[in-house]
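Since the structure comes first, as structure tokens, the remarks are kept for the end.
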Amino acid sequence: MMKFRNTWAEINLDAIGYNIQQLKKLLPEDRKVMGVVKANGYGHGSVQVAQTALDAGVDFLMVALLEEAVKLREHGIRAPILVIGRVHPSYAKVAAELNITLTVFQSDWLKALHNENFTEQLSVHVEFETGMNRTGICSKEELETVMEEVNKLESVRITGAYTHFATADEVSSAHFQSQRTRYEEMLEHLTSIYPHPLMTHIGNSAAGIQYPQHMHQYTRFGVSIYGLYPSHDIRQLENVALKQAFSLYSELIQVKKIKAGDFVGYGATYVAKEDEWIGTVPIGYGDGWRRSLQGFYVLIEGKKMPIVGRICMDVMMVKLDKPYEVGQKVTLIGEDNGAVIDMDDVANYLETINYEIPCMLTSRVPRLYK
Ligand SMILES: Cc1ncc(COP(=O)(O)O)c(C=O)c1O
């Protein structure tokens, strides 16, 4: 991709491959990894991450939207892909044509296919609602009505059954155990009325890292393949060492000396207490670098430089310890001369979770791969 601007994200694909190897080692030998690349690979680039994951031995991918799966197919990715979001029944044909697996949790969804005389070969996974109350089949009775509709559709096959945990990122959660039990009950019921081979998968990163021995055939690892821990609790387990794959850099575009009492930025919210060096960095909320990061810091030559004044749409200002040249590298996320700003530092400052940070950085920030 052509890059004119001097702000960029660097994606370390080797780190993603490494993380997958480490996560795989946690699981019993016969268990597999599903690579979660929804939301453009958590902002890292879904096609590049998918390819890296497949090279690292992953043989199933997961996304949330049909669009996301189609994009992978358009880029030549032929591995099986599961879409977890509800796709409108009128687009089931698109999935069938591209050999994309959809999720089903409503009998009406299947009825709609029946009414359209759907005859394409389509593989679906059923999702069981076990305690998250997001999506899923809520009871054995509901499962039976779903199965009645499945049986009317000769070309639709259930090939998998899954659930999703609400609290796997907390240590020793009773709710996690109750969801597991509920899943096993629903699965047993399904296999008793639908005697076909099923791929089963229950866990995300947190479940896979904390309870590898409880994972079914596949574990849907998302955030961890990018080198991020799903929570502080999970990081504290210290059973897997992950490498963060995403770094964010920019360069100073102007350096100036301001006098005591001078203001910086919109609203003149920052007033220099003394004569100060101010650097302008070309990243702003138009790139997803949120205004509420005012007061946070960046790294220059391994030293912390505070973000001063309001963050603009395209640029922000930082207070420097000395005059630097225009073109001086600025690290917003990542390692610089032994100092580090990791995704959790940014997330903590914004009072959110690390998942949100690479997702919030828009496509204005080019992703460069190494
Ligand atoms: C159903 C499902 N499985 C797996 C994942 C991956 O979760 P994580 O990124 O915590 O590994 C998600 C993410 O939201 C999900 O919704």
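The values are calculated or read from the model by the stated rules, or taken from the named source; none is laboratory data. Fair warning: this is a prediction, and the values are worked out from it, not measured in the lab. Cβ sites come from the backbone with ideal geometry, for glycine too, and all protein chains shown count toward neighbours. We work out accessible area using only protein heavy atoms, side chains counted, and drop any ligands, DNA or RNA first. Shrake-Rupley method; radii C 1.70, N 1.55, O 1.52, S 1.80 Å.
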Total charge dipole magnitude, the stretch 168-238, about the Cα centre, Cβ charges on Lys, Arg, Asp, Glu only, Debye to nearest 20: 140
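How would you order 280-292, 49-61 from highest to lowest mean count of nearby Cβ atoms within 10 Å?
49-61, 280-292
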For residue 256 and residue 351, what is the calculated FRET efficiency with R₀ set at 35 Å and r taken between the beta-carbons, to the nearest 0.05? 0.60
Per residue, what accessible area does the stretch 1-96 have, given a 1.4 Å probe and all protein chains present, in Å²? 45
Which angle between 0 and 90 degrees, to the nearest 10, do you get for helix 174-193 versus the longest principal axis of the chain when only C-alpha atoms count? 30
Of 47, 193, 318, whose Cα points farthest to the positive end of the dipole of the chain (charges on the beta-carbon: +1 Lys, Arg; -1 Asp, Glu; origin at the Cα centre)? 318
If the viscosity is 0.890 mPa s and the temperature 25 °C, what Stokes-Einstein diffusion coefficient in µm²/s follows for the stretch 162-318 when Rh is the Kirkwood radius over Cα pairs? 125
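Answer rounded, prolate or oblate for the stretch 60-209, using the Cα gyration tensor with square roots of eigenvalues a ≥ b ≥ c: rounded when a/c is under 1.5, else prolate when a/b is larger than b/c, else oblate.
Since a/c reaches 1.5 but b/c is at least a/b, the shape of the stretch 60-209 is classed as oblate.
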Using unit Cβ charges (K, R positive; D, E negative) and no other charged atoms, how large, in debye to the nearest 20, is the dipole of the stretch 13-236 about its Cα centre? 480
So which GluC sites (Glu not before Pro) in the stretch 78-124 pass both tests, a DSSP loop state and at most 14 other Cβ atoms within 10 Å of the Cβ? 116, 120
Largest first and to the nearest Å, give the Cα extent of the stretch 100-149 along each principal axis. 34, 23, 13
Under a point-charge model restricted to the Cβ atoms of Lys and Arg (+1) and Asp and Glu (-1), what is the dipole moment magnitude of the stretch 246-341 relative to its Cα centre, in debye to the nearest 20? 280
Please give the Cα centre distance for the stretch 255-312 versus the stretch 29-84, rounded to the nearest Å. 39
For the chain, built as a Gaussian network whose Cα springs stay under 10 Å, the top-fluctuating residue of 160, 41, 302: 302
Check the straight Cα-Cα distances from residue 140 and name the lysines below 29 Å, setting aside those fewer than 8 residues away within the same chain. 32, 93, 111, 152
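With N denoting the number of residues in the chain, provide Rg(C-alpha) divided by 2.2 N^0.38 Å, to two decimal places.
This ratio for the chain stands at 1.15.
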Residues with beta-carbon under 14 Å from that of residue 115, excluding residue 115: net charge, scoring Lys, Arg +1 and Asp, Glu -1? 0
Carbon/sulfur fraction of accessible area - the stretch 246-341, other protein chains in place, 1.4 Å, %: 50
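State in Å² the accessible area per residue of the stretch 240-334; use a 1.4 Å probe, count heavy atoms of protein chains only, and round to the nearest integer.
Dividing the accessible area of the stretch 240-334 by its residue count gives 44 Å².
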Which one, 65, 146, 309, projects farthest toward the positive side of the charge dipole computed for the chain from Cβ point charges (K/R +1, D/E -1)? 309
Which is farthest toward the positive dipole end of the chain among 166, 299, 228, measuring Cα position about the Cα centre, with Cβ charges +1 (Lys, Arg) and -1 (Asp, Glu)? 299
Mind putting together the pair-distance distribution for the stretch 290-340? All Cα pairs, 5 Å bins, whole percent per bin, short to long. 5, 21, 30, 25, 16, 3, 0
Global form of the stretch 246-341, assessed from the alpha-carbon gyration tensor, a/c cut-off 1.5: oblate
Given the options 158, 77, 193, which has the most mean-square fluctuation in a GNM of the chain, springs set between C-alpha atoms less than 10 angstrom apart? 193
Does anything in the stretch 331-361 have its amide N under 14 Å from the 7 Å Cα→Cβ label point of residue 269, and if so which residues? 350
